[in-house]
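The values are calculated or read from the model by the stated rules, or taken from the named source; none is laboratory data. Since we're looking at a predicted model, the values are computed, not measured. Here the Cβ positions follow ideal geometry from the backbone for every residue, glycine too, while neighbour counts run over all protein chains shown.
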Amino acid sequence: MVPVQDGASTQGENLLLPPKETHVESTGSNRIRQRQSSPARRMGMTRKLNRKDFKDSENPEESEKRRKELELKPLYKELLYTISHILGKTHTKEQYSAKQLRDYIKEAFSMTEDEHKTLSEKVQSILAPIYCLLVTVKQAKGILGKDISGFSDPYCLLSILYEDKESQSGAASNKPQKAVVRGSAKGQVLQTTIKKQTLNPIWDETFKLEFEEILNANFHIEMWMIKDAKKEKGQDDFLGNVVLKLKRDETLSAGRTPYVNYCGILQQFVQAHISKQQDSNPWKGDLCGEGTALLEHYANQNDISPFLQDLAKWVAYSKLYQSLEVDSTVLFQQLTSIEYHWDQQELPYMQKQELGDSLHGFLQYGLCLVSKYRDIYPPTPKTTPRLHTLLRVLVQICKTRAFQKLNPAQFDLHVEVTDAVVSRNTFLFLQNGTEEWFNIKKGLHQPMTKDPLETVSALTRLIGEVQEDIRLSKDVWNKVFVSAVQLDVFTVVYRKLDSLLADELRATLSQLENLMDQPLANSLFPVYLTLQAIHKDKAFLQKRGKLLQLTSFHEDFRDALPYWLNKAFSTTMERVEKAVQVDQLQPLQTGGVPVKHSSSAVDIAACLHPVAQLWEQLSWPDPEEAFMLMVKLTEDVCKIASTYCQMLKARVKELSVDSDRESAIKMLCVVVNDLEHLHTVLTRLPQQLNWAGLRERTRHVIGDTQFQNTLPSQLQHTQSALNREIRSAVETLGKKAVVPLMKYLEKELQYMNENLVQENFNSLLTPLWMNSVKILHQISLQEDSNLVYFQRLLYTLQCLEQCFHAEGNGLSLETLHTEEYKTLRANLTQNSLTCNQLIEKFFERKVWEQKVFNGEKYGAVTLITSYKRSENKLHVEVLNAVNLIPLDSNGSSDPFVQLSLEPKHVFCQVEPRSTKIKNCDLNPLFEESFEFIISLEQCQSPGACLMVTVLDHDTLRSDDFEGEAFLSLKAVPGVGGGQDNPTPAQIRLPLMHPKPNSENTLKLLEARKGEREAQAFVKLRRQREKKSQEI
């Protein structure tokens, strides 16, 4: 069948309005339609409307009537003609009758009964079509070999024969003869070439057979194996097959090619189908059975190739995508079909132009959507996949050979998408990129007045929008763009917003210069925090190129920093004042367990937390300025602690005015506990403010001496003042508690002293003293961890001793100091110590044990030590260790030495140091030096010592314990004497192992369950006792 020359591509912005074409007849035949030229496609511009312009004032009803007359009725007649002359079957599951198809198009085209009847009569008057059969003889395989050589010389005959009319049929027999077929066939009998000596002939020859009637017509193909030329013809064997192809050459729509009609019919069917669709789901490209069957019949009858059909569908569906929600698989399917047909069939020139325009136009439309992805595809489970699908379609378009052939200009999709996302694209209509989005948001958040607070408020809202956009770019959109086009959209967007935001920030803050005050600084703090959060997101950038413009944004807030510190200090102070004002100085109850301090002690810990939070929020990047900032924060905390002490003293005096003695004593006990709790809170301050991290950051700008003499000295000074307040409160408490007892004794003993001789009076005092000591001892056993309780008992014992001794006029000291008294006094003295004091006593005892320890049962370690006062440096050199015990299965050990300054509350900022590991050596030589920056006051504090621990390194489990030794810092040259450069002293320390459960100090600490530091210390010592080889 001869292929039809198709006309111009469809044009116009209205998908459902196919364009009109000019019909030009050739001089030789009225069956051949000439192509109409289309305007040249311009790169970067969508196809423009090429329809006859109607008057703007035209009535819509008249316009619709005109469209129906000029556009729809010609297509309707084409379909009526197709239905009247249907040939063959379609690929649809169901076959439809002519009535069903006519009813379908009548509804789809909205034709009335009269219009349908009139158009049907016109179609009936049209001549029947002339049928054409297009046959391609490709090849044959495995035919019989009839020659002596085992091969054959095959050829084929092709013809149309009829069975019902005797004059036309030829009545072919089971074995038709060549001469019979050629002689009886009416019309053409066509023959292929002869292929010599083969059993697998290949022809690949195409023939066209025309016939007027389809009824009872059969196509015949006869394969003949030609024999020797001398033999009679007609004796050759043959093989036949039938292929039907229909073509008509009559027009019912003047000025239109079948391809254009196919496009118009397709668009009308799609419109009718979508108008009936009930749900809101995307259209998946399916039509009803009648529409699909009619499109297939029309394409077959008019010789519209599969390539042209797919082209028409792509053009229609891609345009429909711009107005309705279409499932992306529809576009993918058409793109795949176009790619498949591209090398199979050559498109006419006009259709190539149409395809190129359509692909490029859809690409431009897609990039326009991409530039506005924030508004069109918000981050929801429904819309985000749509953005991903659109990007995949754009990628597929760029990969097709049709696009690459029809668009010779260089087109990099990655670059185009980047431009669309970031700023104004090279395409004129891609305006709404990141820069455009930022400017729109900036306009929406413009301040209404020139008031500085309003200006900062507008900036805060804008930065909040930017922060949210960066978050969405990182968490949502980046996954979409990377998956579809391998574009890291987060990096692209972040860098652009970084530049835009930095310019906007500096422009806004420049307007506020010399206007800084407390309210303005307070409003700037959220801006700082948001910018800091945005800047931290730079860690997710994939490419680290040039320096970000927001890198030094903190410099723009230097003027506001003092106001922020003042705000934190004043707010914390106000909270502390309110906490003390409402505090009734009564112990709290937490469930069934009493808490010995009051509500203000709990509140002050919470009040100081924002100070640490402020330090963490600021994260000031400049090391030197960060150090000064920490000094200021520490100073403020110390002021708050000192003020709290004074407010507590004033509060207890206020509440004691109208209270009885017992209530006053209870409130004073609570005050002592509150102060002790505050002391614990201050001890944790270096960890809360991360002094160790600051020390590492500032090591290259702040010397160790300056650091140590600033922050730790501030805190130690405050803690010392707090300890004095605690001791003063305890003494006051002791006096108030013993006064009733002393008055009673004075009253009773005065009467007996007046009526008894001295000997009898002393005899009376002795059992009374013994009984008093016994009672105090029994009372002391009722508590095991209450510090204030034991301090009060100790004070009571001291007062009783003074009373019974009476400055030498009563019982002698020998009589008073019985064994029971000594035991009671020692017990009360230990229990009256704070946790830190108990830990100091523990290390003092360890130093004493080290001095009296004899032998080197577990080996020894040799050190060289000295202290330089001018530099506050303790120098320790580990020389060697000898006679270590083997702890590994190979009979050896892998020793190393660990040095730590104890107790920890004195050397809270000093980290332990360790030597290198010496493998398989029981007498290792280390010769390693270490320096510790500590003050002379720290070295001379109670219990200050160097703890030397020798460990055996294990890879898969915890290190084994070789032994430990203790060196008092007071014994180090330079600490006790006055020399600034003392001669270093070498000392050999025997290693010891602790005896389990032998330390009463640890038992006392273990009983104080509420003291976190005490429990941690006890835990470490108990673990070491478990590794000890002492029994």
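Of the residues ASN514, ASN566, which single one is assigned by TED's automatic domain parsing to the domain that holds LYS639, without any contact (Cβ under 8 Å) to a residue 60 or more places away in the chain, farther than 17 Å from ARG461 by Cβ and out of contact with any strand residue (DSSP E or B) (no Cβ under 9 Å at 6 or more places or on another chain)?
Among ASN514, ASN566, only ASN566 is assigned by TED's automatic domain parsing to the domain that holds LYS639, without any contact (Cβ under 8 Å) to a residue 60 or more places away in the chain, farther than 17 Å from ARG461 by Cβ and out of contact with any strand residue (DSSP E or B) (no Cβ under 9 Å at 6 or more places or on another chain).
Restricting attention to the range 914-962, and to residues there that are part of a strand (DSSP E or B) and aliphatic (A, V, I, L, M), which single residue is surrounded by the most Cβ atoms within 10 Å (Cβ to Cβ)?
Checking each candidate, the answer is VAL950.
Given the criteria farther than 27 Å from GLN716 by Cα, at pLDDT below 80 and acidic (Asp, Glu), does GLU807 qualify?
Spelling it out, GLU807 is indeed farther than 27 Å from GLN716 by Cα, at pLDDT below 80 and acidic (Asp, Glu).
Residues checked against (1) small (Gly, Ala, Ser); (2) over 20 Å from the mean Cα position of the chain (by Cα); (3) in a helix (DSSP H, G or I); (4) at pLDDT below 85:
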{"site": "VAL421", "(1), (2), (3), (4)": "no, yes, yes, yes"}
{"site": "PHE427", "(1), (2), (3), (4)": "no, yes, no, yes"}
{"site": "LYS441", "(1), (2), (3), (4)": "no, yes, yes, no"}
{"site": "THR455", "(1), (2), (3), (4)": "no, yes, yes, no"}
{"site": "ALA458", "(1), (2), (3), (4)": "yes, yes, yes, no"}
{"site": "LEU462", "(1), (2), (3), (4)": "no, yes, yes, no"}
{"site": "VAL466", "(1), (2), (3), (4)": "no, no, yes, no"}
{"site": "VAL476", "(1), (2), (3), (4)": "no, no, yes, no"}
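Among the residues of the range 536-567, what is the count of those that are under 26 Å from THR634 (Cα atoms) and part of a loop (DSSP other than H, G, I, E, B)?
Total satisfying the criteria: 4.
Go through the residues of the range 780-798 one by one and say whether even a single one is in a helix (DSSP H, G or I) and over 30 Å from HIS677 (Cα atoms).
Scanning the range 780-798 turns up no residue that is in a helix (DSSP H, G or I) and over 30 Å from HIS677 (Cα atoms).
Looking only at the range 113-145, which residues are touching a strand residue (DSSP E or B) at 6+ places or on another chain (Cβ under 8 Å), surrounded by fewer than 17 Cβ atoms within 10 Å (Cβ to Cβ) and at pLDDT below 80?
Result: ILE130, LEU144, GLY145.
Quickly run through the range 963-1008 and pick out the residues that are part of a strand (DSSP E or B) and crowded, with 18+ Cβ neighbours inside 10 Å.
GLY963, GLU964, ALA965, PHE966, LEU967, SER968, LEU989, MET992
Looking only at the range 571-630, filter to residues that are under 29 Å from PHE707 (Cβ atoms) and outside any helix (DSSP H, G or I); which one of those is nearest to the chain's Cα centre (by Cα)?
For the range 571-630, the residue satisfying everything is SER619.
Condition test on LEU512, is it touching a Pro at 6+ places or on another chain (Cβ under 7 Å), at pLDDT below 90 and not aromatic (Phe, Trp, Tyr)?
Criteria met by LEU512.
Taking the condition more than 28 Å from ILE726 (Cα to Cα) and assigned by TED's automatic domain parsing to the domain that holds LEU668, does LEU618 pass?
So LEU618 passes the test.
When the residues of the range 882-899 are narrowed to those that are surrounded by fewer than 18 Cβ atoms within 10 Å (Cβ to Cβ) and among the polar types (S, T, N, Q), which ends up modelled with the highest pLDDT?
Only one residue tops the list, namely GLN898.
Any residue that is out of contact with any Pro (no Cβ under 7 Å at 6 or more places or on another chain), within 17 Å of ALA985 (Cα to Cα), assigned by TED's automatic domain parsing to the domain that holds LYS970 and not polar (S, T, N, Q) - is there at least one of those in the range 878-899?
Yes.
If you go through the range 610-648 one residue at a time, how many are closer than 19 Å to SER570 by Cβ and free of Cβ contacts under 8 Å to residues at least 24 places away in the same chain?
Residues flagged as closer than 19 Å to SER570 by Cβ and free of Cβ contacts under 8 Å to residues at least 24 places away in the same chain within the range 610-648 amount to 2.
Among the residues of the range 471-483, write down those that are surrounded by 21 or more Cβ atoms within 10 Å (Cβ to Cβ) and touching a residue at least 24 places away in the same chain (Cβ under 8 Å).
Matches in the range 471-483: TRP477, VAL480, PHE481.
For residues that are charged (D, E, K, R), farther than 18 Å from THR834 by Cα and in a helix (DSSP H, G or I), tally how many sit in the range 687-729.
The qualifying residues number 4.
Just the residues that are part of a helix (DSSP H, G or I) and without any contact (Cβ under 8 Å) to a residue 12 or more places away in the chain, please, taken from the range 804-846.
HIS805, ALA806, GLU807, GLY808, LEU813, GLU814, GLU819, LYS822, ALA826
Hey, can you tell me all the residues within the range 924-966 that are under 45 Å from the mean Cα position of the chain (by Cα), of a type in the set (A, V, I, L, M) and over 16 Å from ASP894 (Cα atoms)?
Scanning the range 924-966 gives ILE933, ILE934.
Only one of (1) modelled with pLDDT of 85 or more; (2) at positive phi fails for ASP303. Which number is that?
(1)
Given the condition over 30 Å from CYS132 (Cβ atoms) and in contact (Cβ under 8 Å) with a residue 12 or more places away in the chain, answer yes or no: does some residue in the range 298-314 qualify?
No, the range 298-314 contains no residue that is over 30 Å from CYS132 (Cβ atoms) and in contact (Cβ under 8 Å) with a residue 12 or more places away in the chain.
A quick yes/no check of all residues on (1) loosely packed, with under 11 Cβ neighbours inside 10 Å; (2) in a helix (DSSP H, G or I); (3) at pLDDT 80 or above:
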{"site": "SER38", "(1), (2), (3)": "no, no, no"}
{"site": "ARG42", "(1), (2), (3)": "no, no, no"}
{"site": "ASN50", "(1), (2), (3)": "no, no, no"}
{"site": "ARG67", "(1), (2), (3)": "no, yes, no"}
{"site": "LEU72", "(1), (2), (3)": "no, yes, yes"}
{"site": "LEU79", "(1), (2), (3)": "no, yes, yes"}
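Step by step: first the residues of the range 525-581, then only those that are over 24 Å from CYS607 (Cβ atoms) and of a type in the set (Phe, Trp, Tyr), then the one that is modelled with the highest pLDDT. Which residue is that?
My answer is PHE557.
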